[in-house]
Amino acid sequence: MNKDRAKGKVKDVAGRVERQVGEWTDDPKKQASGAAKQVEGKVQNAWGKAKDAATPDRAETSSKPPQRVPDSAESEDEESQIPRRQSR
């Protein structure tokens, strides 16, 4: 997630709150201002999503070597070698 998506989401939520307050108080200017802020946030969020889609995934371009996953047979052998405490 990039900064555009985060800032866009914040503007969207703030616009929703402002618009709702305008509806509760019957203030058409606050309703319009909130709706405009909400649209601005949605556009910025969409821009961030487009940028994310256009950039290569960081996990695919990572220089870290792949991690080894133990086989199920190995994990069973290791478990059988661990002494278990007997309950009384």
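The values are calculated or read from the model by the stated rules, or taken from the named source; none is laboratory data. What you see is a predicted model; the values in this text were computed from it and never measured. Positions of Cβ are backbone-derived with ideal geometry, glycine not excepted, and every protein chain shown enters the neighbour counts.
What about Q44, is it modelled with pLDDT of 95 or more and not in a loop (DSSP other than H, G, I, E, B)? When the stated conditions are applied, Q44 does not pass them. Looking only at region 14-33, residues that are loosely packed, with under 15 Cβ neighbours inside 10 Å, part of a helix (DSSP H, G or I) and either of a type in the set (D, E) or over 30 Å from the mean Cα position of the chain (by Cα) (or both) come to 4 in all.
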